[in-house]
Amino acid sequence: MHQLTLAEIARGLADKKFSSEELTRTLLARINQLDPQLNSFISVTEELAISQARAADARRAAGENGPLLGAPIAHKDLFCTQGIRTSCGSKMLDNFKAPYDATVVSKLAEAGTVTLGKTNMDEFAMGSANESSHYGPVKNPWNLEHVPGGSSGGSAAAVAARLLPAATATDTGGSIRQPAALTSLTGLKPTYGRVSRWGMIAYASSLDQGGPLARTAEDCALLLQGMAGFDAKDSTCIDEPVPDYSASLNNSLQGLRIGLPKEYFGAGLDPRIADLVQASVKALEKLGAVVKEISLPNMQHAIPAYYVIAPAEASSNLSRFDGVRFGYRCENPVDLTDLYKRSRGEGFGIEVQRRIMVGAYALSAGYYDAYYLQAQKIRRLIKNDFMAAFNEVDVILGPTTPNLAWKIGAKNNDPVAEYLEDVYTITANLAGLPGLSMPAGFVDGLPVGVQLLAPYFQEGRLLNVAHRYQQVTDWHTRAPTGF
């Protein structure tokens, strides 16, 4: 049963081939057996999962038949879950149990999903390798010596290892798409505002977006259907009708215009990854797509702009963690200043401290205009590049990452080298566009992903292209040895 996709689980439950409780118990046993190798879970919610599975079975027995009813998933550990630890991968929130559910969690619970647990992540979603977690690094099931990507590495590793069929994740600069690429999954970052951020602990409020991680585009469509929609509690959530994402999966790609940005294929891209990207282009051309070269001239400025804006917003968002109301508090503070300093110094890890310091500097009175304001201007130029490109093409295609998954610890002493792994993904966050990564092959036994970008609210188009591609390729069906 652990090899079944979400769509196959929905059909199996509808046909009464197995119950949600049977499936849930099977997957919980796999998690207990195999996750010690991966470290992909922070919390396993066995009692809650069995209770939800029984409730889902009762709903099906009463005549309900929703596609997610009884489907087991897990949540990245920055989605608040009532009464369950929500740690954000940090010592700062190790003892925090949320008093409410995030909107994403409550929407999926209403759809009947079963929560198996909370997945490991880079601390406060700051990282590209899942090595900054207070709970230790997550390992890539394709090679346990390598990283799974981050910050949603726990969700990615768990799904890739067939511990569960799908999981929620978040993407601030590529944290859904990059781990999807490094673990041979399909990961979708929706348009900014398509999915509510209420109850999702913030890293950078103008960039964060929740989305699905699964093995197939079909499964991502099902999970996104349950996650998306307007939420009055989130002022950044857009009141836009949610289409039936599954309905357009099999649309023809005849005449689809695909743009290949010339800036994607310069120095810094592993040529073996470039070859697999070109192979995916040929597969889509056989399905009727038309390919042309385009330009995104301001892409070269994306990383410096992102690493001003994101830390600036992080320094503001994380100021609330002060040892006073909730979270970690230092022992025996001598006064209020000592309480603040030691609680934050002891509660936050090195990477989080680094980004808070960078952000506070960029927002300071003498440097706001020189750094933060300039970065926001570059952000607008990047958006304008995309708008011009989408006048010529329907989707943009390229590599998701410039390199293969690296060995755990290989970039610990060079944070800038790790930041550069986000070069192809961060532009979608800066512009607020939807993006998807899909499996496109392997190099030296490690997965490679191809990224698709589309205009605002065209998640259905991305899912359609990925689904049609997955009908003529089998990369997404392959499982790591031993799992």
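The values are calculated or read from the model by the stated rules, or taken from the named source; none is laboratory data. Given the structure is predicted, the values throughout are model-derived calculations rather than measurements. Positions of Cβ are generated from backbone atoms using ideal geometry, with glycine treated the same way; all protein chains shown enter the neighbour counts. For the accessible areas, the whole protein counts, side chains as well, though only heavy atoms, and no ligand, DNA or RNA atoms are used. Shrake-Rupley method; radii C 1.70, N 1.55, O 1.52, S 1.80 Å.
Just a few scattered comments:
- When 473, 401 are screened for being among the hydroxyl-bearing types (Ser, Thr, Tyr) and either closer than 30 Å to residue 312 by Cα or in contact with a strand residue (DSSP E or B) (Cβ under 7 Å, 6 or more places away or on another chain) (or both), only 401 passes.
- Residue list for the range 454-483, filter: over 29 Å from residue 380 (Cβ atoms), part of a helix (DSSP H, G or I) and open to solvent by 10 Å² or more (accessible area, probe 1.4 Å): 464, 467, 468, 470, 471, 472, 475, 476, 477
- Taking the listed residues 53, 49, 61, 71, the one that is on the phi < 0 side of the Ramachandran plot and out of contact with any helix residue (DSSP H, G or I) (no Cβ under 8 Å at 6 or more places or on another chain) is 61, with no other qualifying.
- Filtered residues of the range 332-359 (kept if within 27 Å of the chain's Cα centre (by Cα), part of a loop (DSSP other than H, G, I, E, B) and farther than 15 Å from residue 95 by Cα): 349
- Selection of the range 210-228 for residues being open to solvent by 10 Å² or more (accessible area, probe 1.4 Å) and in contact with a Lys or Arg (Cβ under 8 Å, 6 or more places away or on another chain) yields only 226.
- For the range 167-182, filtered to residues that are of a type outside the set (D, E, K, R) and assigned to a loop (DSSP other than H, G, I, E, B), the residue that is surrounded by the most Cβ atoms within 10 Å (Cβ to Cβ) is 175.
- Scanning the range 80-105 for residues that are in contact with a Pro (Cβ under 7 Å, 6 or more places away or on another chain) and open to solvent by less than 50 Å² (accessible area, probe 1.4 Å) yields no hits at all.
- Residue list for the range 279-331, filter: assigned to a strand (DSSP E or B) and without any contact (Cβ under 8 Å) to a residue 24 or more places away in the chain: none
- Number of residues in the range 254-278 that are open to solvent by 50 Å² or more (accessible area, probe 1.4 Å) and free of Cβ contacts under 8 Å to residues at least 60 places away in the same chain: the value is 7.
- For the range 1-32, a residue qualifies if it is over 21 Å from residue 478 (Cα atoms), among the polar types (S, T, N, Q) and open to solvent by 20 Å² or more (accessible area, probe 1.4 Å), and the qualifying residues are 19, 32.
- The lone exception for residue 67 - which of (1) open to solvent by less than 50 Å² (accessible area, probe 1.4 Å); (2) within 15 Å of residue 212 (Cβ to Cβ); (3) not aromatic (Phe, Trp, Tyr) it fails: (1)
- Among (1) charged (D, E, K, R); (2) surrounded by fewer than 17 Cβ atoms within 10 Å (Cβ to Cβ); (3) under 19 Å from residue 106 (Cβ atoms) - the single one residue 77 does not satisfy: (2)
- Pairing residues of the range 465-476 that are within 17 Å of residue 393 (Cβ to Cβ) with residues that are part of a helix (DSSP H, G or I), at Cβ distances under 6 Å and at least 6 apart in sequence or on separate chains, gives 466/217.
- The one condition in (1) surrounded by 16 or more Cβ atoms within 10 Å (Cβ to Cβ); (2) free of Cβ contacts under 8 Å to residues at least 40 places away in the same chain that residue 391 fails to fulfil: (1)
- Any hit, the range 359-382, residues being small (Gly, Ala, Ser) and in contact (Cβ under 8 Å) with a residue 60 or more places away in the chain: yes
- Single residue of the range 243-257 satisfying the filter (out of contact with any helix residue (DSSP H, G or I) (no Cβ under 6 Å at 6 or more places or on another chain) and hydrophobic (A, V, I, L, M, F, W, C)) that is nearest to residue 421 (Cα to Cα): 256
- Single residue of the range 396-448 satisfying the filter (among the β-branched types (Val, Ile, Thr), in contact with a helix residue (DSSP H, G or I) (Cβ under 7 Å, 6 or more places away or on another chain) and surrounded by fewer than 24 Cβ atoms within 10 Å (Cβ to Cβ)) that is farthest from residue 258 (Cα to Cα): 443
- Residue match in the range 140-159 (condition: modelled with pLDDT under 95, assigned to a loop (DSSP other than H, G, I, E, B) and small (Gly, Ala, Ser)): yes
- Qualifying residue in the range 44-51 (condition: buried (at least 22 other Cβ atoms within 10 Å of the Cβ) and either more than 18 Å from residue 225 (Cβ to Cβ) or at pLDDT 95 or above (or both)): yes
- Pair list, Cβ < 8 Å and 6+ apart or interchain, from the range 184-208 residues that are over 10 Å from residue 171 (Cβ atoms) and open to solvent by 10 Å² or more (accessible area, probe 1.4 Å) to residues that are assigned to a strand (DSSP E or B) and β-branched (Val, Ile, Thr): 200/170
- Sole exception among (1) within 30 Å of residue 467 (Cβ to Cβ); (2) open to solvent by less than 40 Å² (accessible area, probe 1.4 Å); (3) hydroxyl-bearing (Ser, Thr, Tyr) for residue 307, by number: (1)
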